[in-house]
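Here the structure comes first, spelled out in structure tokens, and everything after it is commentary.
The values are calculated or read from the model by the stated rules, or taken from the named source; none is laboratory data. The shown structure was predicted, so the numbers you read here are calculated from the model rather than taken from an experiment. Glycine gets a Cβ as well: all are built from the backbone with ideal geometry, and neighbour counts include every protein chain shown.
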Amino acid sequence: MAIISATGLGYQYEGYGEVWALKDINLSINEGEFVAVLGPNGSGKSTLAKQINALLTPTEGEMLLDGLSTADPLNHWRIRQRAGMVFQNPDNQIVATTVEEDVAFGPENLGFPAAEIRKRVDGALSLVGMSAYKLHASHLLSGGQKQRVAIAGVIAMRPLCLVLDEPTALLDPRGRREVMEIISRLNRMEAITVIHITHFMEEALAASRVLVLDQGRIVLDGNPRQVFQQHCELRALGLDVPAVAELVLELRAAGQDLPPDVMTVDELVAKLCS
Amino acid sequence: MLLNLKNISYTYMPGTPFEVTALKNITLDIHQGEYLAIIGQTGSGKSTLIQHLNGLLLPTTGEVYLDGHQVNKDKKRLTAMRRRIGLLFQFPEQQLFEENVAADVAFGPRNLGLSDQEIAVRVDRALRLVGLNPSEVRDRSPFSLSGGQMRRVAMAGILAMEPDLVILDEPAAGLDPRGKEEILNRIDALHREHKMTVVLVSHSMEDVASRAERLIVLADGEIRLAGTPADVFQDAAVLEELGLALPQMTLLMLRLRSAGKEVPMNIFSVEAAKEVILQMMGGDKS
């Protein structure tokens, strides 16, 4: 069943004249999908993310989340409980002095009894592997740990869908790996639908589906192996393909007999050494 | 020699329960005209270190020399140092504030007390150095530009000071692949064509491997590895332990070696990897 469904969606920011930040978006995302969203700066990725949980609402067309239209303000509360957002900068998302208080912020605002809050906070921290840190000061964590706490804060709301807007952009390699492992695990084990905006092509390989945006429109939509074989289109948009995919393209052009959908180091080593 | 740090240590909030030693006994020479990159995990001391390079922080113990003169105990020399060494912080576009691009870039030179004419010349020159057309952007509000352009305006503000050394903290963070490529290519050109001394802080192993001449790897406030990219990326095990990643192509070489292939490790780019593999496959057939 579609959890996110956009029909003819268009959006204009006020004061930017006739420029469409999003235009003609028709999109259906099913429960349990892991969707990576790519596109150059200014292509509409973040605007799309904000449409999903009704931080922005369509200028034209319609966005439904779990069947609820974002155009109706009466739905916003329920929509935001179902679709949680994580942003780029971990320091802007910390609201409390200790890790567990930070994660409890959402459920507390939902007005749950203390025992239920406790259960949700402990469960969420365990899912992101941060239980051992629950009494730690949140501002002293590493970037990757802060993002995991931010994700736990969203998970504690029991959302159906997690929208992440470049959550790894400011992290070091270890932090990036930590966050990617958590996102994949939540998708696989908890069946949470994931929308992951990123500039790292390697991260998009973890997704089951890749959307590419350009000037407010969806220009490519497919599984990562299909999308990353469109080298020319991606380059024209100023995007990369994963380094291994680029190497495979070069090797094929030089006459090597390799399948075009080899994308990772391990796959290529297996092919070359077979 | 442009700059030497000699046995530098730095402690935040000494004598309090929050005391943290961020740098431990660092000795580092920066040579005129070189391109040095600093890598390390979040919290390894990179930001603390670069603030010692232009005198924003003074070492708790140890000495800083510029052109052979000690500066960390000499107020006059310290002021001169801050003018000669430009530091571009992370997300510098957040520090733009003037009503037009020219005024923003002119802010630094104006504080040097230069004439209006000299300032105008420097502003145009700096904008061209970062790949912006002065007549197109001069009168525009910096806030009407794209993220990548705003960052280049901020960089022009540093270059208009005509520094001997420019330090850039994650200049490509958060930009899309094209914006990233553009800004890093600009920095390469400053180094190559204008002989600028460059210190780059980055999380991207790909970027530093193919661009910098020398790398230092910081961990827990100490220099753990130093040398050319080829030297540093030999130590895959140490990098792994420090939570840093190998460039994808170097990782590929490492895996091919584990599978019994004889390949070199100093491979950082797709082009270089292609040559190695073509040779390897050709060799297999004969």
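Select from region B:175-208 the residues that are out of contact with any helix residue (DSSP H, G or I) (no Cβ under 6 Å at 6 or more places or on another chain), more than 14 Å from chain A (Cβ to nearest Cβ), more than 23 Å from B:ILE267 (Cβ to Cβ) and not β-branched (Val, Ile, Thr) and list them in ascending order.
Passing the criteria: B:ARG186, B:ALA189, B:LEU190, B:GLU193, B:HIS194, B:LYS195.
Residues being surrounded by fewer than 21 Cβ atoms within 10 Å (Cβ to Cβ) and either in a helix (DSSP H, G or I) or at positive phi (or both): count how many of those fall in region B:120-136.
Looking only at that region, the number is 10.
Quick one: is B:GLY43 within 14 Å of chain A (Cβ to nearest Cβ) and either crowded, with 20+ Cβ neighbours inside 10 Å or part of a loop (DSSP other than H, G, I, E, B) (or both)?
Considered against the rule, which asks whether it is within 14 Å of chain A (Cβ to nearest Cβ) and either crowded, with 20+ Cβ neighbours inside 10 Å or part of a loop (DSSP other than H, G, I, E, B) (or both), B:GLY43 comes out as yes.
Please go through region B:209-255 and pick out each residue that is assigned to a helix (DSSP H, G or I), among the aliphatic types (A, V, I, L, M) and either within 12 Å of another protein chain (Cβ to nearest Cβ) or surrounded by fewer than 19 Cβ atoms within 10 Å (Cβ to Cβ) (or both). First the steps, then the outcome.
Looking only at region B:209-255, we keep the residues that are assigned to a helix (DSSP H, G or I), and these are B:209-211, B:229-232, B:236-241, B:248-255.
Now drop any that are not among the aliphatic types (A, V, I, L, M), which leaves B:209, B:230, B:232, B:236-239, B:249, B:251-254.
Result: B:ALA209, B:ALA230, B:ALA236, B:ALA237, B:VAL238, B:LEU239, B:MET249, B:LEU251, B:LEU252, B:MET253, B:LEU254.
Anything in region B:256-267 that is at pLDDT 90 or above, more than 8 Å from chain A (Cβ to nearest Cβ) and farther than 14 Å from A:VAL265 by Cβ? List them, or say none.
Within region B:256-267, B:GLU262, B:PRO264 qualify.
For region A:49-81, name all the residues that are touching a residue at least 60 places away in the same chain (Cβ under 8 Å) and touching a strand residue (DSSP E or B) at 6+ places or on another chain (Cβ under 6 Å).
Once the filter is applied, which keeps residues that are touching a residue at least 60 places away in the same chain (Cβ under 8 Å) and touching a strand residue (DSSP E or B) at 6+ places or on another chain (Cβ under 6 Å), region A:49-81 yields A:ALA49, A:ILE52, A:ASN53, A:LEU64, A:LEU65, A:ASP66.
Check A:LEU237 against each of (1) out of contact with any strand residue (DSSP E or B) (no Cβ under 6 Å at 6 or more places or on another chain); (2) at pLDDT below 95; (3) surrounded by 17 or more Cβ atoms within 10 Å (Cβ to Cβ) and name the one condition it does not meet.
Just one mismatch for A:LEU237, condition (1).
Among the residues of region A:160-203, how many are farther than 23 Å from A:VAL227 by Cα and either within 13 Å of chain B (Cβ to nearest Cβ) or in contact with a Gly (Cβ under 6 Å, 6 or more places away or on another chain) (or both)?
9
Within region A:60-67, can one find any residue that is under 24 Å from A:ILE151 (Cα atoms), touching a Gly at 6+ places or on another chain (Cβ under 8 Å) and either buried (at least 18 other Cβ atoms within 10 Å of the Cβ) or more than 14 Å from every other protein chain (Cβ to nearest Cβ) (or both)?
no
Just to verify a result, which residue in region B:26-40, among those that are within 23 Å of A:LEU171 (Cα to Cα) and of a type in the set (Val, Ile, Thr), is nearest to the other protein chains (Cβ to nearest Cβ)?
B:ILE39
Is it the case, given these coordinates, that A:ALA83 is more than 22 Å from A:LEU55 (Cα to Cα) and hydrophobic (A, V, I, L, M, F, W, C)?
No.
One residue is enough: does region B:144-151 have a residue meeting the conditions closer than 21 Å to B:GLY86 by Cα and within 16 Å of the chain's Cα centre (by Cα)?
yes
Would you be able to say whether some residue in region A:19-39 is surrounded by 23 or more Cβ atoms within 10 Å (Cβ to Cβ) and not hydrophobic (A, V, I, L, M, F, W, C)?
Within region A:19-39, one or more residues are surrounded by 23 or more Cβ atoms within 10 Å (Cβ to Cβ) and not hydrophobic (A, V, I, L, M, F, W, C).
Within region B:3-22, which residues are without any contact (Cβ under 8 Å) to a residue 12 or more places away in the chain and part of a loop (DSSP other than H, G, I, E, B)?
Matches in region B:3-22: B:MET13, B:GLY15, B:THR16, B:PRO17, B:PHE18, B:GLU19.
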